[in-house]
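Take a look at the structure below.
The values are calculated or read from the model by the stated rules, or taken from the named source; none is laboratory data. Because the structure is predicted, anything quoted here is derived from the model rather than measured. Cβ atoms come from the backbone with ideal geometry, glycine included; neighbour counts cover every protein chain shown. When the accessible area is computed, the model is the full protein with side chains, heavy atoms only, and any ligands, DNA or RNA have been set aside. Shrake-Rupley method; radii C 1.70, N 1.55, O 1.52, S 1.80 Å.
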Amino acid sequence: MTKLLYLHEPSVLHNLSRRYGINEIYTYTGNILIAVNPFKGLPELYDVEVMEKYKGAAIGKLSPHVFAIADIAYRAMIDEGKSNSILVSGESGAGKTETTKMLMRYLAHLGGNNASEGRSVEQQVLESNPVLEAFGNAKTVRNNNSSRFGKFVEIQFNEHGRISGAAIRTYLLERSRVCQISDPERNYHCFYLLCAAPQEEIEKYKLGNPSSFHYLNQSNCYDLVGVNDAREYLTTRRAMDTVGISKEDQEAIFRVVAAILHLGNINFAKEEEADSSALKDESSQFHLQMTAELLMCDPHSLEGAICQRIMITPEEIIKKSLNPHDAAVNRDGLAKTIYSRLFEWLVAKINVSIGQDPNSTCLIGVLDIYGFESFKTNSFEQFCINFTNEKLQQHFNQHVFKMDQQEYVKEEIDWSYIEFIDNQDILDLIEKKTGGIIALLDEACMFPKSTHETFAQKLYQTFKDHKRFIKPKLTRADFTIVHYAGEVQYQSDLFLDKNKDYVVPEHRELLSASRCSFVSGLFRSPTEENAKPSKFSAIGSRLENAKPSKFSSIGSRFKGVLEAIRIKCSGYPTHMTFSEFLQRFGMLAPEILRGDYEERVACKWIFEKMELTGHQLGKTKVFLRSGQGAELDAHRARVLRNSAAVIQRHAKARSDRKSFTLQRQASVHIQSHWRGKRARKLYKEKREDAAAVKIQRNLRRQLATRSYNGIRFSAVTLQSGLRAMAARSEFRSREQNKAATALQAYWRSHKAVSDYKKLKEASVVSQCSMSERIAEEETMNLNMEEEETDDLELSYDELREKLEELKFHLLSEKQLRVRYKSALFSIV
């Protein structure tokens, strides 16, 4: 960026955009590194080979990279024996946390221990990230894994440049997020991880869907795309094992997290007495009982600590009942206190596990902190964050400008102190010991009857003539501060509550008496608290000392790049060596270049010819004021344009002559080539015609043969089918005739049998009639018996013949039945 001749916002943005388009996400501004979040993985930028490439390389020799910044800090620490810090700042989602991890990886590569030495310090620091992210990160509008706290990692080195210890310091945990979130953000990850824990733990803690808890259902977002909360819960438990948190402590930690969820579901209703409250319903009673059970304290004491406040006067102790609104505020205060103490305990436990080196003389600090914030609604958190950035911006301005001043002294140029944009008046407005905003806020917190409106009115009266303070119209409690990065309007509604960082005595007594040693250990005993001069502690006043010590490298932050450019422009933003200057601008005085002059003299003559003043010539470099580089560049561009016009005129004449000759030669060559091409094309067409005729003839023959074969095959197939059909028809006819004959034979047999039966019946009747007649005749003709004996014998013989004939017919009937059945079986 410092090599750009036009140092303004469009050129900076254009340069960043061009580099971003070719995956060059890093850009230098002097010794400042600008990192543009690519929102995609670029593993080829961070492997071991790349680390080795940047090891010991001078800045600017290789492409801009975060490893180069870490390498400068490490080399300066080794060579000069001085501690250094690296600031990583930016908006939420800018990639601060990932950049910090890359810095840690590179420093571990430079000063880490061998694998044979066991788990190293740097490994333990990196392994602590899942725990800190589970309890300190949350989804915001811009980032699904936004760090809601500032983190300063101190990496300690021994005299050999090896990592010997480390410590993690945290700042500005967003306590209000525990109780208040907005859609589509989420609360801290740990709450959702616990709701997705194994079923036995959910039943043990009486948990359920996140939507059933007040601290989580204020937003409609419960899940993150691509994140499995159940799997992340197990990962967090494993990370706790890694950093040395025992199973018992892990159990207690998540019991406290579950207690906070139940605590948020305790609701209050107004009692008959004025300004008093009680549990609203049975559901609130259940959640109160669960909170007390999980925190291992008395439920009645818990209810009293939430619904009442104790006021101690010299004469007596007064218990004051709270209305439902104040009781809910008191409940939320208890939840925030418990969670912040839990987070502090985790950080302290991680530091104990990592271990510090008391003999270390040098360290490298990596500060990962919010950048400047300006939202639609800005509360106490944004005020603290922007105040921190104001402090860092002031240090940044002094640091960058001081480096330029050292360059001026080294080159022995004639210079005087140059004013630059100073934000000291903003810092005085905020942190002045008497009469600053923080001092007035602390004073308001001391008085019980103070409200955010009285605090705002005090600000209006105190800073009515301050150029950095504005009272917005149509508001009674808002105020606007003109920061270095722009105006921000703050809503002071919750400033007093959020600034108070002391534990309510009732809460402290309740939790310090818990039967769970873990819970009671989160809070100091009453004797320890009373030994302190004052129980009041303000968050805002703590920020006055929360600044890094020394910076060898500073990361980019919101609008910090443009501010750095403005500082450069206020002095001599463009400087280059004599040889570089002559190489670039020597064409402005070519007669000087043709002589054998010293570089410094040649540079001076060029300035005199261009009639430029205000520049400086050092021992080895030229220093230009803001805009002079652009002016020289404009002269250079004009000379180049004029020279280009002359060159173009001669070049065009020569080119035209050469073009005519070439065109004439080319035309002859083209004509001969064209005639040959026409002849070849004609010959080709005739060959193609002949080939086409031959192909058509063969194709017609092939088609005719194929058609004949198809017809012949179809005819043979049809004939064979018809013959088979006729044969089958004839066979069916014969079988039908045979069956008909059998049926006719059966029918004749049946008819004969029927006739036989009729004849037999008739014969029996006839015989009976004949027997009667014979008996009568025997009676009447008894006397003629002897004469007719022969005739009777003859009649008897005839009768026997008839009977024999009937037997024959019966036998014939049976034979016909057998034949009929045989014929019928054959047909079937």
Residue count, the range 121-157, condition closer than 28 Å to A76 by Cα and open to solvent by 40 Å² or more (accessible area, probe 1.4 Å), comes to 3
Of (1) open to solvent by 80 Å² or more (accessible area, probe 1.4 Å); (2) outside any loop (DSSP other than H, G, I, E, B), S11 fails just (1)
Matching entry among Y484, Y417, Y490 (being at pLDDT 95 or above and over 30 Å from K319 (Cα atoms)):
Y490
Top-ranked residue of the range 170-191 - restricted to ones that are within 27 Å of V153 (Cα to Cα) and among the hydroxyl-bearing types (S, T, Y), ranked as least open to solvent (accessible area, probe 1.4 Å)
Y188
State whether the residues of the range 15-28 include one that is among the aliphatic types (A, V, I, L, M), farther than 30 Å from R142 by Cα and surrounded by fewer than 16 Cβ atoms within 10 Å (Cβ to Cβ).
no
When (1) under 26 Å from the mean Cα position of the chain (by Cα); (2) at pLDDT below 90; (3) not polar (S, T, N, Q) are applied to V366, the one that fails is (2)
Quick one: how many residues across the range 618-638 are in contact with a helix residue (DSSP H, G or I) (Cβ under 9 Å, 6 or more places away or on another chain) and either open to solvent by less than 10 Å² (accessible area, probe 1.4 Å) or more than 16 Å from G586 (Cα to Cα) (or both)?
10
Please give the strands (runs of 3 or more DSSP E) falling wholly within the range 260-323 in which 2 or more residues are among the β-branched types (V, I, T) and in contact with a strand residue (DSSP E or B) (Cβ under 7 Å, 6 or more places away or on another chain).
317-321
Out of S164, S176, S89, which single residue is part of a strand (DSSP E or B), of a type in the set (S, T, N, Q), in contact (Cβ under 8 Å) with a residue 40 or more places away in the chain and touching an Asp or Glu at 6+ places or on another chain (Cβ under 7 Å)?
S164
Selection over the range 444-465 where residues are at pLDDT below 90 and either assigned to a strand (DSSP E or B) or open to solvent by 40 Å² or more (accessible area, probe 1.4 Å) (or both) yields a count of 4
Being without any contact (Cβ under 8 Å) to a residue 40 or more places away in the chain and open to solvent by less than 60 Å² (accessible area, probe 1.4 Å) is the requirement here; does A602 meet it?
yes
Exactly one of these conditions fails for V329: (1) in a helix (DSSP H, G or I); (2) surrounded by 18 or more Cβ atoms within 10 Å (Cβ to Cβ). Give me its number.
(2)
Residue identified as in a loop (DSSP other than H, G, I, E, B) and crowded, with 18+ Cβ neighbours inside 10 Å among I430, I413:
I413
Between a residue in the range 743-764 that is closer than 22 Å to R800 by Cβ and any residue that is assigned to a helix (DSSP H, G or I) and open to solvent by less than 100 Å² (accessible area, probe 1.4 Å), which pairs come within a Cβ distance under 6 Å, given they are 6 or more apart or on different chains?
Y756/H809; Y756/E813
For the range 466-518, which residues satisfy the criterion of being open to solvent by less than 40 Å² (accessible area, probe 1.4 Å), closer than 30 Å to G371 by Cβ and free of Cβ contacts under 8 Å to residues at least 24 places away in the same chain?
P472, T475, D478, F479, T480
If I350 satisfies every condition in (1) outside any helix (DSSP H, G or I); (2) open to solvent by less than 10 Å² (accessible area, probe 1.4 Å) but one, which is the exception?
(1)
Of the residues in the range 215-269, those that are aliphatic (A, V, I, L, M) and surrounded by fewer than 18 Cβ atoms within 10 Å (Cβ to Cβ) number 6
